[in-house]
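The values are calculated or read from the model by the stated rules, or taken from the named source; none is laboratory data. Everything numeric here is computed off the predicted structure, so don't read it as measured data. Here the Cβ positions follow ideal geometry from the backbone for every residue, glycine too, while neighbour counts run over all protein chains shown. Remember, those area values only see protein heavy atoms, side chains included, never the ligands or the DNA or RNA. Shrake-Rupley method; radii C 1.70, N 1.55, O 1.52, S 1.80 Å.
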Amino acid sequence: MSEHEQFMDEAIKLAVDGVMAGDGGPFGAIVVKDGKIVGRGNNLVTSINDPTAHAEIMAIRDACKNLNTFQLSGCVLYTSCEPCPMCFGAIYWARLDKVYYSANRHLASSHGFDDSFIYDEVNLPFNRRRIPFIPISSEKGIVPFREWDKKESKIKY
């Protein structure tokens, strides 16, 4: 068995263990750096009442905590299922080098985990989305950015 398969087996084990424990949906993920697991996560959405507690997010948070960083360059994510749009964004924000996944989004959809409506919504104009996105006080939105630009001790990311 290859190292990649061993890591994927660990992500899948986390998914199954999470289901059996009643943690949430059937998803598990690990973050690996230099051949060592530095972050683990399984879906905790229903057990901690947090819609963002997806396996990939939990593994990224754990890896960032363990490595004391907010960027995971040099790391690889193994996840039991193709990431949803939220996790996709988090993967890019975390600057992971690569993602390996097992099940695809179509298989997830056939088991009740369908994210296609989100992909569809992103491409719609604001006035056609199911959840309205309404700009307000647009002229004031520049204030935090001006403060950021003036701050000399900022940490860029």
- Counting only protein heavy atoms and using a 1.4 Å probe, what share of the accessible area of the stretch 18-93 belongs to carbon plus sulfur, as a whole percent? 58
- With axes computed from alpha carbons, what is the tilt in degrees of helix 85-94 against the longest principal axis of the chain, rounded to the nearest 10 within 0 to 90? 80
- Search the structure for amide H atoms under 5 Å from the amide H of THR46, placed 1.01 Å from N in the peptide plane, and list their residues when 5 or more places away or on another chain. GLY25
- Under 1.5 on a/c is rounded, so check that first for the chain, then, if it is not, pick prolate when a/b is larger than b/c and oblate when it is not; a ≥ b ≥ c are the square roots of the alpha carbon gyration tensor eigenvalues. oblate
- Note on the structure: Whole-Å distance linking the alpha carbon centroid of the stretch 89-157 with that of the stretch 1-39 is 25
- Helix-only mean residue ellipticity at 222 nm for the chain, each DSSP H run of n ≥ 4 adding -39500 (n - 2.57), per residue, nearest 500: -12000 deg cm²/dmol
- Between helix 55-67 and the chain: long-axis angle, C-alpha atoms, 0 to 90°, nearest 10: 80
- Protection proxy ranking of 36-47, 120-131, 61-72 - average other beta-carbon atoms within 10 Å, highest first: 36-47, 61-72, 120-131
- Any residue on another chain or 5+ positions along whose placed amide H is under 5 Å from the amide H of LEU72 is listed here as ARG95, LEU96
